[in-house]
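Trainee: One structure, as structure tokens, below. Some questions next.
The values are calculated or read from the model by the stated rules, or taken from the named source; none is laboratory data. Predicted, not measured: the structure shown is a model, and the values here were computed from it. Heads up, the Cβs are rebuilt from the backbone with ideal geometry, glycines too, and the neighbour counts pull from every protein chain shown. In case anyone asks, the SASA skips ligands and DNA or RNA and just uses the protein heavy atoms, side chains included. Shrake-Rupley method; radii C 1.70, N 1.55, O 1.52, S 1.80 Å.
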Amino acid sequence: MHPPRRLCSLLGGVFLIFFCFFYVADHFDYRYYVRTAVATQDYEGQPSQEDDPVRLTALGHALLNDTTDPSHWTVVHDRRVARDKKRRQCKKKYAKCNKLSTDPEPPLNVFGDANGDNNSTSTGESLEDASLSSQFAQRGYTVVGTNVSAVRRLPDVLIIGAKKSGTRALLAFLRVHPSIRASGPEIHYFDRFYSRGLSWYRSQLPLSLEGQLTVEKTPAYFTTPGVPARVKADLPTARLLLVVRNPVTRALSDYTQSLSKHRSRRAFEELVFVKSSSGLVNSEWGPISGGLYAKHLKRWLAYFPRSSIHIVSGENLIVDPAAELCKVQEFLGLRRVITDKHFFFNATKGFPCLVKREKTGRPHCLGSSKGRSHPPVSQTTYNILRDFYRPFNFKFYKMIGQNLHW
Ligand code: A3P
């Protein structure tokens, strides 16, 4: 090839690579909170299902939460969002961006002024955060704060157990609330990975805004000795949620879960007694010991006051999830957002499901590992177990000040 031509194609290639690189980098340079939506200048009226987050553009008011229900969007005031928008617009128009100062574009008053003039604008300085919040709040949005720094925070709330009592359902339902940010998988920090340190723990938690509560669920915390002391040391003001269900059903559920992992397991009735024919319940066996709620709770009460522990009825979570969630929201000091309208009963699954999942906006039932059918046990075995648990249950009722009628 002719040397100048070779040079040209080489330069062209380099230019193309750089162009692609910057284009892709820019495309992904969306901050977490800009990903969802922000209000438009001409947006008016109450939040409605028709609102399309994609249609809404950045004017310095970011709406969080990956939900399609606008009444669950979370409003934050973000000057950087406005700056980003200007930068993108600027690029779109092929205009020179060097005029772009670090000063924010004045955020627009999304709802117009008091006279209803939607074209009016006001500067970021004149638009006080408080008045901004109240404007959004009046429109039915949940305003969680004006601090835009989305960071990973240590949990405010722990779902500590009990295993197989409905902990996943509680977490899934709580997530619907815009003021809740929750980790997906169980982190097991306080029982298994404590040596990894708090910064590791923090890195496993979701981003949240000031005013939002970070929730983590690891049901093994409830039964692991030593965990309450660790939680007290690291999260002294944590609020604890404990889901409990009839310990006999819980034992069967626990056994069913282990059966799904180890196919060749012996029958429940072989394992539940010290000797098959003795009728003496093996209280050391995991599925049984996990239901000795009084014993485990005692350890927690040595470190946390009763007032920082809220008991959720696993039975009621199935029969009337809205009622249980109402109590949980009250305990956490949250606005009552999760109500009856969020649930429907799926007859095929035999459990309540969410009308809309917080991320997809589509109906959502828990997976097939939740709501399994249990192996049948004889009435005699059931009665022995019920009698075995009775004194422990009464002790537990006394501790929590509530009779759960098991
Ligand atoms: P089973 O699978 O034995 O029926 P956890 O999430 O703590 O592991 O608890 C699992 C249990 O949650 C399930 O036990 C099921 O009974 C109960 N559960 C409560 N609400 C549920 C829901 N909406 N969908 C499915 N399972 C639910």
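Trainee: For every other residue with a beta carbon closer than 11 angstrom to the beta carbon of Pro206, add +1 if it is Lys or Arg and -1 if Asp or Glu, then tell me the sum.
Mentor: Taking every other residue near Pro206 into account, the sum is +4.
Trainee: Still on this structure: Rounded to the nearest Å, what's the spacing between the alpha carbon centres of the range 316-369 and the range 210-248? Just the number, please.
Mentor: Each part's Cα centre sits 21 Å from the other's.
Trainee: Next question. State whether the range 283-347 is rounded, prolate or oblate according to the following rule on the C-alpha gyration tensor (a ≥ b ≥ c being the square roots of its eigenvalues): a/c under 1.5 gives rounded; otherwise a/b larger than b/c gives prolate, and the remaining case gives oblate.
Mentor: oblate
Trainee: What is the range 160-220 by shape, rounded, prolate or oblate, if you read a ≥ b ≥ c off the alpha carbon gyration tensor as root eigenvalues and call it rounded for a/c under 1.5, prolate for a/b larger than b/c, and oblate otherwise?
Mentor: Because a/c hits 1.5 or more and a/b fails to exceed b/c, the range 160-220 counts as oblate.
Trainee: Report, to two decimal places, the Cα Rg of the range 235-336 normalised by 2.2 N^0.38 Å (N = number of residues).
Mentor: Against the compact-globule rule of thumb, the ratio is 1.34.
Trainee: With a 1.4 Å probe and all protein chains in place, put Arg168, Arg386 in order of accessible area, largest first.
Mentor: Descending order: Arg386, Arg168.
Trainee: Work out, step by step, the length gained on full extension between Ser307 and Leu154: first 0.36 nm times the residue separation, then minus their alpha carbon distance; give nm to one decimal.
Mentor: 53.0 nm
Trainee: Here's a follow-up. Given a Förster radius of 60 Å and the C-beta distance between Ser369 and Phe15 as r, what FRET efficiency does 1/(1 + (r/R0)^6) yield to the nearest 0.05?
Mentor: Rounded to the nearest 0.05, the efficiency is 0.70.
Trainee: Report Rg (one decimal) and Dmax (nearest whole number) for the range 261-406, counting Cα atoms only, units Å.
Mentor: Values for the range 261-406 (Cα only, Rg and Dmax): 18.7, 54 Å.
Trainee: In the range 205-332, with Lys and Arg counted as +1 and Asp and Glu as -1 at Cβ, which of these residues, Val274, Pro219, Ala323, has the Cα nearest the positive end of the dipole, that is, farthest along it?
Mentor: Val274
Trainee: With every protein chain left in place, what is the accessible area of Val312 in Å² (1.4 Å probe, nearest 10)?
Mentor: 0 Å²
Trainee: Related question: Is the range 192-244 rounded, prolate or oblate when judged by the Cα gyration tensor, a ≥ b ≥ c being the square roots of its eigenvalues, rounded requiring a/c under 1.5 and prolate requiring a/b larger than b/c?
Mentor: Oblate is the answer for the range 192-244, as a/c is 1.5 or above yet b/c matches or exceeds a/b.
Trainee: Next question, about the same structure. Could you give the length gained by full extension between Ser260 and Thr237, i.e. 0.36 nm per residue of separation minus their alpha carbon distance, to one decimal place?
Mentor: 4.6 nm
Trainee: By accessible area of protein heavy atoms, probe 1.4 Å, what ranking do Val14, Val281 get, highest first?
Mentor: Most to least solvent-accessible, the answer reads Val14, Val281.
Trainee: Further question on the same structure: Multiply the residue gap between Phe392 and Lys349 by 0.36 nm, knock off their C-alpha separation, and tell me the result in nm, one decimal place.
Mentor: Stretched fully, the Phe392-Lys349 segment lengthens by 12.3 nm.
Trainee: Further question: Could you put Ser307, Ser179, Ser260 in order of accessible surface area, largest first, with the 1.4 Å probe and the full protein assembly present?
Mentor: The ordering from most to least exposed comes out as Ser307, Ser260, Ser179.
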